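> Got a structure for you, questions after.
The values are calculated or read from the model by the stated rules, or taken from the named source; none is laboratory data. Model, not experiment: these values are computed from the prediction. Here Cβ is always computed from backbone atoms with ideal geometry, including for glycine, and neighbour counts include all displayed protein chains.
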C-alpha cells in the first residue's frame, strides 16, 4: 500500500469517523487484507538473516522475540525490550531455553525521561502502555531511554532488524534513534502504528512524522495494512 495513503489527512478523517461511529470493522475491510498479520510476519522473516542482531521493542510476552531467536540462529542476537515487570516475567520464562535472547526491562522513547506504566487489562498484557508520569502513583514510574543512548552510550550492538510495537509510543522510539539512522541504519524496521491511541494522546500527526523520518533516512516504506508500516533500505528490499 502506498506509504502516504494511510497518513493522508482525508483517510485519517475517515478512520476517525469510522471509529467514532462504531464502524471500525468496515474501515478494516476497506484498507486491510485478510492476511495482514501474515504479511507483516512474512516481511520480517524475509528481511532477517542468520547471524543478525534483532531488536524487539515492545516485546510483550515474547511472540516475535522467540521467532527472531529461531531466525537469527545461534550466531545471532535478540534484544527484547519490555517495560512491564509482569510481561517481562512471562517473556523471561518463554525465552529461558533460548540463550541468544536477552530481555531488557526497559522502555524506549525520544530521550531519557520518566513516564508511568499502565498494565493492560487484557489477558496477554498486550495493551500495556506508557502515560505521562503520575505523581500520585509513584510505584508505576518507568525510566525511559532511547535507542541512540543504548547504542552510543551503553554500547549495545546496533540492530539489523527492528520490530516496534509500543502502544502509541512508536513515534518517540523512532525519533530517539536519529543518530543510528544516520550512521548505521537497520536493514528493516517493522512498526505497528496505534492510530486510536495516538488520537487520544493528541498525536494524530505522529504517523506522518514517522514516515518523514524514515524517508529522510533513505528507507522505502509500505503499509501492509492499516496499522503496520514496513521500512526497508533500497539496497535490501525484500520481495513480497
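> Could you check segment 211-227 and list, in sequence order, the residues that are closer than 15 Å to residue 171 by Cα and modelled with pLDDT under 95?
Selection gives 227 alone.
> Same structure again: Scan segment 188-210 for residues that are touching a strand residue (DSSP E or B) at 6+ places or on another chain (Cβ under 6 Å) and either modelled with pLDDT under 90 or surrounded by 20 or more Cβ atoms within 10 Å (Cβ to Cβ) (or both) and jot them down.
Those that are touching a strand residue (DSSP E or B) at 6+ places or on another chain (Cβ under 6 Å) and either modelled with pLDDT under 90 or surrounded by 20 or more Cβ atoms within 10 Å (Cβ to Cβ) (or both): 188, 189, 190, 191, 193.
> May I ask you to verify whether residue 230 is closer than 16 Å to residue 165 by Cα and at pLDDT 95 or above?
yes
> Could you pull out every one of the helices (runs of 4 or more DSSP H) wholly within segment 1-111 that has 1 or more residues that are farther than 29 Å from residue 215 by Cβ, out of contact with any strand residue (DSSP E or B) (no Cβ under 6 Å at 6 or more places or on another chain) and at pLDDT 95 or above?
63-72, 85-94
> Residues that are more than 26 Å from residue 42 (Cβ to Cβ), over 14 Å from the mean Cα position of the chain (by Cα) and in contact (Cβ under 8 Å) with a residue 24 or more places away in the chain, at least 1 per element: which helices (runs of 4 or more DSSP H) completely within segment 138-240 meet that?
147-152, 178-183, 195-200, 206-216
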